[in-house]
Every structure is written in C-alpha cells, then in structure tokens.
Amino acid sequence: MLYCDKITVPANTSKDNPVTKTFRVKEDVITTISVYFPPGHACLTGVSFWYGEDMVFPDKNYDWIRGNDESVNAKFYFILPEVPADVVVKVFNEDTKYNHTVYIRIEALPREIALWELSITKLTSMFRDIYPIWRMPVRIIRG
C-alpha cells in the first residue's frame with residue numbers, strides 16, 4: 001500500500017514545535033520512504049518519521065532530512081510492532097518569510113511479502129557477485 005500526502009509548514013516553525021501528520025499504516029513493514037522538496041526550500045525545511053517516541057528515520061543520531069528541488073528516497077525495512085500503526089511525520093521550517101510544502105510517500109507491505117522481497121534482493125546480489133566466475137572462458141583440451 002502506498003500512503004501519500006502533502007504537509008504545508010508555516011514560516012518560523014521550529015524543530016521543537018513541528019507540524020505533524022499521522023499516517024495510519026495497515027501493513028506490517030514499511031519498505032520505502034520518500035520526501036519531495038520542491039524548489040525554494042533552500043534546505044530550511046526538515047522532515048523526520050516517528051513511531052511512538054522514537055525517531056525511526058533518519059536515524060535518531062542524525063539531523064532531519066532536508067532538501068531543495070529534490071526527492072529523497074530510501075529503502076527502509078521497518079517492522080511495525082503492531083498493526084495498524086500510527087507513523088508520525090514531523091516537519092519544521094526555518095524560513096522566516098515563506099511557508100513550504102513537502103510531499104510524503106510511505107510504502108508498506110505485509111510481512112510475508114516485504115521480507116521475501118528482502119531475501120530475494122540479498123540472494124540476487126550474492127549471485128551477481130559470483131556470476132563473473134561462471135563467465136570465465138573454459139579451455140577444453142582433448143588428448
């Protein structure tokens with residue numbers, strides 16, 4: 001399932017008092033997160049994703065996602081402890097003059113599909129690593 005919405009943040013909205021938007025996710029695993037920052041943000045707008053009291057994306061040890069005229073996309077396998085679950089997106093705006101809008105996309109899948117996709121990705125990458133061995137020329141000597 002794909003959950004999409006836009007969030008408009010007034011000028012001078014601090015990180016300590018951000019605008020929030022709750023997404024009610026009905027699947028077990030969040031697999032992809034995307035944030036689009038239209039032109040003009042000048043990296044003054046920050047976005048983070050929360051489950052309960054924990055910032056789950058980006059990692060809590062780092063700053064919030066910022067951008068300008070770009071889409072930030074991340075493969076993100078986060079298994080939700082309960083379903084449905086409320087994922088909260090928090091947005092601040094350090095611009096002193098203009099309101100800004102960000103566009104949020106959250107993709108979530110049932111556990112059996114999401115974890116299967118992750119396993120297949122790992123398996124194909126393993127085969128990609130050994131594939132050059134298969135393509136090595138073989139010389140057959142007949143005696």
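The values are calculated or read from the model by the stated rules, or taken from the named source; none is laboratory data. These numbers come from a predicted model, not from an experiment. Cβ sites come from the backbone with ideal geometry, for glycine too, and all protein chains shown count toward neighbours.
Report whether or not Ile65 is modelled with pLDDT of 95 or more, among the aliphatic types (A, V, I, L, M), more than 19 Å from Met1 (Cα to Cα) and out of contact with any Leu (no Cβ under 9 Å at 6 or more places or on another chain).
So Ile65 fits the description; yes.
Look through Val47, Val72, Val35 and report the one residue that is under 18 Å from Tyr103 (Cα atoms) and free of Cβ contacts under 8 Å to residues at least 40 places away in the same chain.
From the options Val47, Val72, Val35, the qualifying one is Val72.
Going by what's in this entry, would Thr22 be described as within 19 Å of Met55 (Cα to Cα), surrounded by 16 or more Cβ atoms within 10 Å (Cβ to Cβ), of a type outside the set (Asp, Glu) and in contact with a strand residue (DSSP E or B) (Cβ under 9 Å, 6 or more places away or on another chain)?
no
Is one or more of the residues making up segment 92-108 modelled with pLDDT of 95 or more, surrounded by 14 or more Cβ atoms within 10 Å (Cβ to Cβ), farther than 15 Å from Lys21 by Cβ and touching a Phe, Trp or Tyr at 6+ places or on another chain (Cβ under 9 Å)?
Yes - at least one qualifying residue is present in segment 92-108.
When the residues of segment 58-117 are narrowed to those that are among the acidic types (Asp, Glu) and farther than 27 Å from Pro38 by Cα, which ends up nearest to the chain's Cα centre (by Cα)?
Glu117
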